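**Student:** Dropping the structure in here first, questions after.
The values are calculated or read from the model by the stated rules, or taken from the named source; none is laboratory data. Bear in mind that the values here come from a model prediction, so they are computed numbers and not experimental data. Note that we place each Cβ from the backbone using ideal geometry, even for glycine, and neighbour counts take in every protein chain shown. With ligands, DNA and RNA removed, areas are computed over all heavy atoms of the protein, side chains included. Shrake-Rupley method; radii C 1.70, N 1.55, O 1.52, S 1.80 Å.
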Amino acid sequence: CALGWACWKTYVGQPEGGWLRRLAMSVLGNGLFEAGHFEDALAVQEADLAMMRRLDVPEKTMLVTQGNLARTYVMLGQVEHAVRIERDIYSAELKLYGAENRQTLVSANNYASSLFKLERFDEAKSLLRRTVPLLRPFFG
């Protein structure tokens with residue numbers, strides 16, 4: 001957390017579109033999350049995502065930030081909000097990488113995990129029936 005704040009204080013004066021400032025914001029959000037300051041992490045992650053949208057950052061980069069945001073919502077007990085983000089991430093990664101891509105499969109697992117937390121078992125089972133067979137190349 002302290003490292004995140006130090007990083008942010010060092011680079012906050014950089015132009016908004018600069019990679020150093022964006023990286024500092026990401027480090028701060030992740031540091032707050034790891035320190036258990038989930039509400040603060042949420043505020044930073046939402047601001048980071050808003051900045052990325054303003055700057056038209058590539059979708060692949062935004063998907064990582066959205067994943068962090070979903071993880072924070074889960075920790076705050078806002079699983080319904082997280083599941084919407086995770087569904088969007090999974091859908092975007094299917095289009096970007098295809099169904100058999102490792103990152104797409106990780107996102108499917110995250111999405112299914114949140115569906116289970118919400119006791120939406122039929123949806124989770126349907127998703128896992130499509131994705132678990134695709135894991136064989138990764139786990140043998």
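**Student:** Take the residues in the range 72-83 that are part of a helix (DSSP H, G or I) and more than 19 Å from residue 131 (Cβ to Cβ); name whichever of them is most open to solvent (accessible area, probe 1.4 Å).
**Tutor:** 75
**Student:** Within the range 105-126, count every residue that is within 21 Å of the chain's Cα centre (by Cα) and part of a helix (DSSP H, G or I).
**Tutor:** Residues flagged as within 21 Å of the chain's Cα centre (by Cα) and part of a helix (DSSP H, G or I) within the range 105-126 amount to 15.
**Student:** A follow-up question, please. Hey, can you tell me all the residues within the range 13-68 that are farther than 25 Å from residue 87 by Cβ, open to solvent by 70 Å² or more (accessible area, probe 1.4 Å) and assigned to a helix (DSSP H, G or I)?
**Tutor:** If the condition is that a residue be farther than 25 Å from residue 87 by Cβ, open to solvent by 70 Å² or more (accessible area, probe 1.4 Å) and assigned to a helix (DSSP H, G or I), then 19, 23, 34, 40 are the ones that fit.
**Student:** Moving to a separate point now. If residue 55 satisfies every condition in (1) modelled with pLDDT of 95 or more; (2) more than 18 Å from residue 115 (Cα to Cα) but one, which is the exception?
**Tutor:** (1)
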